[in-house]
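Some notes on the structure that comes next.
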Amino acid sequence: MNTTRKSNNETGPGADEFANQLDEQRRIIDRLDGEILRLFNERLEVAARIGAIKARLRLSVRDTRREAQVFQRLMSLNQGSLLANRYVVRVFAALMAAARDVQGPVSHPADGFGTPAIFAVFGNPVVHSLSPVMHNAAFAATGYNGIYAAIRVKDIRPAVSGMRALGLKGASITIPHKESVLACLDDIDPTARRIKAVNTIVNDEGSLKGFNTDCDGVIQALAEKISIKGRHVGILGAGGAARAVAFGVIGQGATATIFNRSREKGAALAAELGADFEPLSEFAAERCDILVNTTPVGMSPQGQDTPLLGEQLQPGLVVMDIVYNPLKTRLLREAEAAGCETIDGLSMFVHQGARQFELWTGLAAPVDIMRMAVEAELLTK
Ligand code: ATR
């Protein structure tokens, strides 16, 4: 392959040298592509042999557990390269789809087969939403034929009407529509009704039902580190996220104190949910086993801020931040230095997304893959 070159007069000294380097690198790419193609065909031949064995054993072509294992292994092998991780699921999902094709017809578990099922996140702003990366990775990893996009929505009511008209199978709802969307739906799950916020819509053959998976997200994220029952949870903030966290942990048998900057809002939420209230300025860690920050303090670009200092914490406390940008907030860094266990905001984000995926598809969510896809996106942005 030859690169079109300009004369030295036009491009200055050294242009020929760069053009040579470009040709050389392209020759390397051509050689690697040849190797990849050869390996791809070799992989298909092995897949065909596996297909024959499966047929003899009367096993189904599709083995989702094995596919998940392949992804997990690849992700852990590839830990060094976050940029590549971003594409591993997509590239290998395509390889596995080809492998299934050579093995024969697949009876597909999801009704997203054929025409893709369409999903979206409605919010404003949504340009930085990580939900598309997370859900598209989950679709690819499970072979579910779905597409997920971010749509900036200023007015939620016509957006929900559009969802009905276009037959979107599901939607995530984010800021600022989580509360106002309730009035647009046919049915609301009791948990979402209590929290007065919906972050998930399921379109069940034209009937739109709202759910709140933030609550499950926080419970799952905490449960990975500590049993919640009987613990005392300090919650920083008194907005919608605090309501979901408080409702979730109290539902699991914990008690809670809301620590908020403004007394009125904090005391009202505490009274509503059967929690205690203290002003944020009087935060005391002694009573708490778990601390969850639901305020936006510490979020990029104000990453230097923190709602509490390390000296206000104590060793053994489990500290979770729902802010995930940056991944390690100043609060989490201070907590680590103070001898606390920490849980970053991605855990809750991924678990709420996993629950959404399950509600939409009826399949088990590939949680680790969803997390790795989001982490890679966040760290390579
Ligand atoms: P969300 O619905 O996402 O939880 P929200 O309703 O805006 O968001 O609530 C944000 C919470 O973070 C509020 O409780 C807010 O405290 P006030 O009730 O006093 O407004 C709290 N918050 C926001 N910025 C804060 C800051 N700089 N310091 C302390 N608390 C803050």
**Q.** Out of Gly237, Gly210, sole residue that is touching a Lys or Arg at 6+ places or on another chain (Cβ under 9 Å), surrounded by 22 or more Cβ atoms within 10 Å (Cβ to Cβ) and within 18 Å of Pro307 (Cβ to Cβ)
**A.** Gly237
Q) In the stretch 209-232, is there at least one residue being at pLDDT 95 or above, within 11 Å of the ligand (Cβ to nearest atom) and either in contact with a strand residue (DSSP E or B) (Cβ under 8 Å, 6 or more places away or on another chain) or not in a helix (DSSP H, G or I) (or both)? A) no
Q: From the list Gln314, Gln304, Gln252, pick out the single residue that is out of contact with any Asp or Glu (no Cβ under 9 Å at 6 or more places or on another chain) and either assigned by TED's automatic domain parsing to the domain that holds Ile195 or over 20 Å from Ile219 (Cβ atoms) (or both).
A: Gln304
Q) Within the group Ile151, Ile201, Ile235, Ile147, which residue is free of Cβ contacts under 8 Å to residues at least 60 places away in the same chain, in contact with a Gly (Cβ under 7 Å, 6 or more places away or on another chain) and β-branched (Val, Ile, Thr)? A) Ile201
Q. Which residue out of Leu166, Leu182 is within 16 Å of the ligand (Cβ to nearest atom), modelled with pLDDT of 95 or more, open to solvent by 20 Å² or more (accessible area, probe 1.4 Å) and not assigned by TED's automatic domain parsing to the domain that holds Leu308?
A. Leu182
**Q.** the stretch 83-108 - residue that is over 18 Å from Leu39 (Cα atoms) and open to solvent by less than 60 Å² (accessible area, probe 1.4 Å) and, of those, modelled with the lowest pLDDT
**A.** His108
Q) Within the set of pairs 6 or more residues apart or between chains, which connect a residue that is assigned by TED's automatic domain parsing to the domain that holds Gly240 inside the stretch 272-301 to a residue that is of a type in the set (Ser, Thr, Tyr) and within 11 Å of the ligand (Cβ to nearest atom) with Cβ atoms less than 8 Å apart? A) Val297/Thr306; Gly298/Thr306
Q) Restricted to the stretch 240-263, and to residues that are in a strand (DSSP E or B) and within 16 Å of the ligand (Cβ to nearest atom), which residue is surrounded by the most Cβ atoms within 10 Å (Cβ to Cβ)? A) Ile258
Q: Please specify each residue of the stretch 291-314 satisfying the condition of being open to solvent by less than 50 Å² (accessible area, probe 1.4 Å) and away from the ligand (no atom under 13 Å from the Cβ).
A: Leu291, Gly303, Gly310, Leu313
Q | Residue pairs meeting the criteria (Cβ under 6 Å; at least 6 apart or on separate chains; first in the same structural domain as Glu224 (by TED's automatic domain parsing), in the stretch 328-353; second of a type in the set (S, T, N, Q) and crowded, with 23+ Cβ neighbours inside 10 Å) | A | Leu331/Asn293
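Filter the stretch 274-290 down to residues that are away from the ligand (no atom under 14 Å from the Cβ) and open to solvent by less than 30 Å² (accessible area, probe 1.4 Å), then give me how many there are.
In the first step, residues of the stretch 274-290 are kept if they are away from the ligand (no atom under 14 Å from the Cβ); the result is 274, 276, 284-290.
From what is left, the residues that are open to solvent by less than 30 Å² (accessible area, probe 1.4 Å) are 285, 288, 290.
Total satisfying the criteria: 3.
The values are calculated or read from the model by the stated rules, or taken from the named source; none is laboratory data. Just so it is clear, the structure is predicted and the values come from calculations on it, not from any experiment. Because the Cβ atoms are built from the backbone with ideal geometry, glycine has one as well, and the counts that use them run over all protein chains shown. Please note that ligands, DNA and RNA were not included when accessible areas were found on the heavy atoms of the full protein model with its side chains. Shrake-Rupley method; radii C 1.70, N 1.55, O 1.52, S 1.80 Å.
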